[in-house]
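Just below is one structure, and these are the notes that go with it.
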């Protein structure tokens, strides 16, 4: 029984240390590039998976559409969303949302793509090892001049535990 308690305490201390380190890394990231991870687990001692995720290319192309928008502009871009779990396991991209940011705290409403649409776009959202998803979002009329593209991903493990990841690219 004592060995079990020691093992549980070590695991709990390790989870707290990893969580603390993740919060420190996220709070110190003053550049809106790269990715960050926020994990949610229904079991406090269950280790969470970590992911390397980014948008490629890091400097995104931006296309303006001159038609169909009387008071603003319509924007589109194209990029690859690269996701690689650190460790083993099978994961699924459940939802992704993209929005344009103008350099301040302002941004457009997100374009949200749920798992059903993602499955029709990519055949499957299963991620085993490194996986690349190509997106070409189009943003409706806005007077905002975008500086960044922000993406929020929701990944699920085989137990349904959600992993929320943020990525950003620059225009």
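Numbers below:
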quantity: Ranking of 115, 130, 154 by count of other Cβ atoms within 10 Å, fewest first; calculated: 130, 115, 154
quantity: Theoretical gain in end-to-end length, residue 152 to residue 80 [0.36 nm per residue, Cα-Cα removed]; calculated: 24.5 nm
quantity: Distance (nanometres) between label positions extended 7 Å along Cα→Cβ at residue 62 and residue 119; calculated: 3.6 nm
quantity: Virtual spin-label span in nm between residue 164 and residue 90, 7 Å along Cα→Cβ; calculated: 2.7 nm
quantity: Approximate spin-label separation residue 171-residue 136, in nm, with each point projected 7 Å along Cα-to-Cβ; calculated: 1.9 nm
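A short reminder: the numbers here are calculations on the coordinates, not readings from a lab. Just so you know, these numbers come straight off a predicted model, no measurement behind them. All Cβ positions, glycine included, derive from the backbone under ideal geometry; neighbour counts span all protein chains shown.
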